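Here is the structure we will look at, set down as C-alpha cells.
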C-alpha cells in the first residue's frame, strides 16, 4: 500500500491502481546562487529594518508625549514652549495645506511636461529635456528656498492681493484685514504665505511626478497607438484614447509620490512661511506652519518632554508620508485598469 | 435597413454631428451621396449573405474558391469601394532600400492578396498605402499612391482624412482595452472629432458588429471591456472598428496569423462578405488563405540583398494554377519560403 509518507523525493512512478499523490521535486541552487541570494536578502532586510526602526523610535515618543500633554496634543492648535502648551492641530492642517497647494501647481505642470516630452518632442530634444527635468530634482532645496524668498515672495504678493480683491468672497481667497481696495495696504500681509511656500515646494516635486509619468506614457503599446492612427486619429486623439487611459495609474501614482515629498519638505517652508499657529485656511495670508518646519524651528531649545512631543509630531508626519507612498505604490504597480490586450 | 434609418436621425442632431453626416453622405452612406446601390448592398449583407447577381464585369474574370456556406462568387454588380493605384513605389528605412518601384492596381470589388516570403516588403508596401509607413522615424518613400485618382501623398490630402478613408487591420488584434466593446466600435468617430447622436451611435455599433461578424457573440455585453474577448473576437472587433469610419479601402496585415483555425475561418467569411463594399488588400503568409479569399494576387520577392519587388501579379487563379515566372511557381508550390 502506498501512502503519502512512503513517497521518496527521488520518486518512482506510483503503482498502478495506487493513490495519485503529488511528488516533491528537489530544487538545488548552486553555491554562487545561494550566496548571492542570502547576501541580497540580508542587505535588503537591513534597509527595511532601518526604516522600521525609525518608525518605532518615533512611535515610542508618543507615550511620554501623551502622558505629559494628554490627548489634547492632537486637538490643541498652539505650540508654545514658554507656557508648555503643545499641540499639533494647526501643524497638521498647515502641512496638508502647503502640500495641497504644491500639488495644485505641480500636477498640471508635471502632466503637460511629461506629455510633451514623451509624445510631442522630437527625438533629439527628448533626451535633453528628460535630463533637464531630472536636473530639477538635483538642485539643492536651499536654492529653491532662496529663489522663493528673494524672487517669488516680493512679486507674488500682487497676485495674492488681486485674488483677494476679486475672489475674496470665496473663503480660501480671503485675507483678513487685507484691505484690497485701500490705496495703501500692508504689503507684508500677503507675503510669507502658504501659497508662496506651496509654489516653491511644487518646483521641487515636479521632477518626481514628471519622471513617473514619462515612464508610464512611454510604455503605452505601439500597437494601440497605430490602431488609433489607422482610424484617422490626430495625435491628440491618440493620446486621449491610448496614452492617457494607459497612463492613468502612473498619473495618479506619480502625483501621490510627489505629494509624499511635499508633505515632508522642510527648508523652503522654514525660510518662507512665517510661523503662525492660528487655525485658519487662508493660503493667501501671511503665516502658517508645517510639521517639518515646527521640528526645525523648536528642535534647538526644547526640554526633554517637548523634544518627545516634537518627535511624536514627526511620527505623525512619518505615518502620513508612508500612507501616501504606499497608496501611490499600489496604484502604480496595479498598472492599467481593465484587461490587457493579450491574445 | 436598420442602420440607414438610424443614421438618418443623425441628420437632425445637434451641430456636432454635421461633420459625420457630411462625411457619411460623401461616402454614399447617407442620402445625398451616391445612394441607391450602396444602400442596397449595405442592407443585404446584414440580413442575407447571398446577393443576387446581375451582370458584373468582375464576375466573369474571377472564380473565387467557395468558403463553406458563403458562396463568394456572387456579389453585387456595383461594388462600392474605391480604386487604389500604387505607382512606382519605392521605400527606404534609413539608407536601406526595401522596395523597388512597385506598381499595383487594386480595384473595387476585389480582394487583393500580397504574398511572398518574410522580409520582402509586403507589409511595408501595405503601410505605404495608408501612410502608416511615415510613423517610423527613418522611413522614406518615392512614387505615388492614388485613391480614386488623387495622390494621397499630395499636400491636398490630409493624412487623417486619408487614413480614415483607407482603414487598417493589424496582425495583432489591438482593441483599446480601456474602452468597452461598443466604445471600441465607435472609437474612430471620437478620434476624428465627429460626434454621433445616441441613436445613430447604437445603430452604427450594431451595423458594424454585424458586418464584422461579431454581433451575435457580443450583443448582450456591449459594455464589457474590449480586452475581455478572445483573440479572434478581438480581431473581428478591430475590423468592425475600422468599418465604423466608412473606409473605401480596408488594408489587412496578416489578420489571421495570431488566430486559431476557427477564428481564421470567421475572418475569411467576413472578408468575403465585405468585398463588394470596400476594396480589400490583405497581406498573408498563408498560401491557402490567399487562394481562398482573394481574386487578385501579387507575389513579392526580395532576392539576396536587393529591395523587394513584385515578381508577378494578376488573377489569383492564374498565379496559383498557371504562374508565368518560375519563382512564383516555386513559392506557391511550397518549394521555398
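Where helices (runs of 4 or more DSSP H) fall entirely within the stretch A:230-292, those with at least 2 residues that are surrounded by fewer than 19 Cβ atoms within 10 Å (Cβ to Cβ) and within 14 Å of chain B (Cβ to nearest Cβ) are at A:235-238, A:244-264.
Please tell me if residue B:174 is out of contact with any strand residue (DSSP E or B) (no Cβ under 7 Å at 6 or more places or on another chain), within 7 Å of another protein chain (Cβ to nearest Cβ), at pLDDT 90 or above and closer than 26 Å to residue B:225 by Cα. So residue B:174 passes the test.
Selection over the stretch B:199-249 of residues that are surrounded by fewer than 18 Cβ atoms within 10 Å (Cβ to Cβ) and away from chain A (no Cβ under 11 Å) gives a count of 9. Within the stretch B:145-164, if we keep just the residues that are within 15 Å of the chain's Cα centre (by Cα) and either surrounded by fewer than 24 Cβ atoms within 10 Å (Cβ to Cβ) or without any contact (Cβ under 8 Å) to a residue 60 or more places away in the chain (or both), the residue that is nearest to the other protein chains (Cβ to nearest Cβ) turns out to be B:163. Whether a residue is under 19 Å from residue A:55 (Cα atoms) and in contact with a helix residue (DSSP H, G or I) (Cβ under 6 Å, 6 or more places away or on another chain) was assessed, and residue A:277 does not pass this test. Restricted to the stretch B:250-262, and to residues there that are more than 12 Å from chain A (Cβ to nearest Cβ) and touching a residue at least 60 places away in the same chain (Cβ under 8 Å), the residue that is nearest to residue B:214 (Cα to Cα) is B:255.
In the stretch A:189-229, of all residues being over 18 Å from the mean Cα position of the chain (by Cα) and free of Cβ contacts under 8 Å to residues at least 60 places away in the same chain, the one that is farthest from the other protein chains (Cβ to nearest Cβ) corresponds to A:219. Looking at A:205, A:152, A:196, just one residue is surrounded by fewer than 23 Cβ atoms within 10 Å (Cβ to Cβ) and under 27 Å from residue A:96 (Cβ atoms), and that residue is A:152. Residues that are modelled with pLDDT of 85 or more and exposed (fewer than 10 other Cβ atoms within 10 Å of the Cβ) number at least 1 in the following helices (runs of 4 or more DSSP H) confined to the stretch A:1-98: A:31-60. Within the stretch B:129-144, being touching a residue at least 40 places away in the same chain (Cβ under 8 Å) and not in a strand (DSSP E or B) holds for B:129, B:130, B:133, B:136, B:138.
The values are calculated or read from the model by the stated rules, or taken from the named source; none is laboratory data. Computed from a predicted structure; not experimentally measured. Because the Cβ atoms are built from the backbone with ideal geometry, glycine has one as well, and the counts that use them run over all protein chains shown.
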